[in-house]
1. Take the conditions in a loop (DSSP other than H, G, I, E, B) and of a type outside the set (G, A, S) and apply them to V218. Does it pass?
2. Of the residues R206, R224, R256, R266, which is part of a helix (DSSP H, G or I), free of Cβ contacts under 8 Å to residues at least 60 places away in the same chain, in the same structural domain as L127 (by TED's automatic domain parsing) and among the basic types (K, R)?
3. For the condition within 17 Å of W145 (Cβ to Cβ) and of a type in the set (D, E, K, R), what is the one hit in R236, R224?
4. Say whether the condition of being crowded, with 17+ Cβ neighbours inside 10 Å and closer than 18 Å to K129 by Cβ is met by at least one residue in region 38-50.
5. When region 55-67 is examined, which residues are found to be farther than 13 Å from L17 by Cα and touching a Lys or Arg at 6+ places or on another chain (Cβ under 7 Å)?
6. I need every pair where a residue in region 74-91 that is in the same structural domain as L9 (by TED's automatic domain parsing) has its Cβ under 7 Å from the Cβ of a residue that is of a type in the set (S, T, N, Q) and modelled with pLDDT of 90 or more, sequence separation at least 6 or different chains.
7. Report yes if H149 is touching a helix residue (DSSP H, G or I) at 6+ places or on another chain (Cβ under 7 Å) and either β-branched (V, I, T) or not in a strand (DSSP E or B) (or both), otherwise no.
Amino acid sequence: MAVGFRSFLRVAPGQSLVETVIGHIARWSTAKQIDIDPATPGRYRFADDNVLTIVREHNGNDRIYRWRRVHEAAVRGDVWRTTFTAVERPDAPGWLWSEIETIDGNRPDPSSPFACMSVPRVLRDLLGKLTCYDGKTQMTAEPQWVARHQLPDLMDYLADDSRLGAVYLASQGTRDIDSFVAWATQVTWHLTGLGSVFLLDNTMNREFNEMVGTGHAVPSGTVRTFLPRVELDDPRDPQRHKILGIGRITESSPRRLAGMLGLIERTRGAGAALPAEAVDLDRDLLAREDGPTIIQPTGLRSVTVAEAVMASRPNEHHGDTADVRVLREELDRLRAELTRERTQRAAILDHVKALTQEINTLRAGDDIDTSPRQRLSVS
């Protein structure tokens, strides 16, 4: 097994972390026709070889939530295990850990070196609802512009040794504002939840370079990756922070660049050490994971790595507009509700038939006068 995607973020206190996570997983589950309530703890087996474990509990004032799906019969090219773990604290930062594990790593095709595991849709949506941080750096689903008054904060983000992911600085160069934003959004599409992306217009680019010096400067029109614990006074430090240069940018499509940066960040994240509290909680939850299961049939099917990769492509790589996607999600939700209603109605009818047969048997055995008869009906 291998980690194809791992994101660990701190979550600011005072937010409804667990309920927000449950709500987004519920909408995603409905769209995927997974008919299991993510708010109900238990261990569920469905589609013959899939097991879903849901944990929802308190530890003192902490609220703990885990949603984990395991595809037990996964083969090469399949996603094996998908896990979302959240810890909510009333007066201290909580955390959100998202992880996808595969049978054969994060490349669906060894001949495609720049293909990478998709960002989970749940995580991308959550970053639009929750205030999350990697170390001191706020994480967002979209690139952030840097204003002059934010330069001191940016310097703190770069020097921070508590962040797990990289900080990416993209320089405007010769592009106009609109085309630069569109290009940068495409190129950094696979970094959501893994790294922080900041945009420098040409004025902020010059002022940033004056602050950091030539060794750590961001050349105009490029993207530079800053790893944790930037040390401006160390002459050897600039070598750690790679530059996506003009030559590579010119000869490569945004999609190819996105895959390259995404794969690099996934490889780095998979090898990063998680905080001890997350490791300890994971060990405890794993020790208690085996147990009785509830059999629940569903139309769920396995998801291949290739499908997961395609799900992460920017909107222009999909055939649907945002409005069409919303309508399709609503249609999936209505279909799921209709299926549940039909199942419930069939169960009620079966129960009524059984009761009617039992009553008739008792009446016949006891020679009970059945006139006038009462009619059982269901609407």
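The values are calculated or read from the model by the stated rules, or taken from the named source; none is laboratory data. Quick caveat, the model's predicted, so the values are computed rather than measured. All Cβ positions, even for glycine, are placed from backbone atoms using ideal geometry, and neighbour counts span all protein chains on display.
1. Details: in a loop (DSSP other than H, G, I, E, B): yes; of a type outside the set (G, A, S): yes.
For V218, the condition - in a loop (DSSP other than H, G, I, E, B) and of a type outside the set (G, A, S) - is met.
2. Details: R224 fails: part of a helix (DSSP H, G or I); R256 fails: free of Cβ contacts under 8 Å to residues at least 60 places away in the same chain; R266 fails: free of Cβ contacts under 8 Å to residues at least 60 places away in the same chain.
Residue meeting the stated conditions: R206.
3. Working: R236 fails: within 17 Å of W145 (Cβ to Cβ).
The unique qualifying residue is R224.
4. Yes, region 38-50 contains at least one residue that is crowded, with 17+ Cβ neighbours inside 10 Å and closer than 18 Å to K129 by Cβ.
5. Initially, region 55-67 is screened for residues farther than 13 Å from L17 by Cα, giving 55, 57-61, 67.
Matches in region 55-67: V55, N61.
6. Partner pairs satisfying both residue conditions: F84/S98; R89/N61; P90/N61.
7. So H149 fails the test.
Residues are listed down the side, and each one gets a yes or a no for (1) farther than 24 Å from L130 by Cβ; (2) under 26 Å from the mean Cα position of the chain (by Cα); (3) hydrophobic (A, V, I, L, M, F, W, C):
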| site | (1), (2), (3) |
| --- | --- |
| G165 | no, yes, no |
| V187 | yes, yes, yes |
| R206 | yes, no, no |
| G213 | yes, no, no |
| G221 | yes, no, no |
| D233 | yes, no, no |
| I249 | yes, no, yes |
| R256 | yes, yes, no |
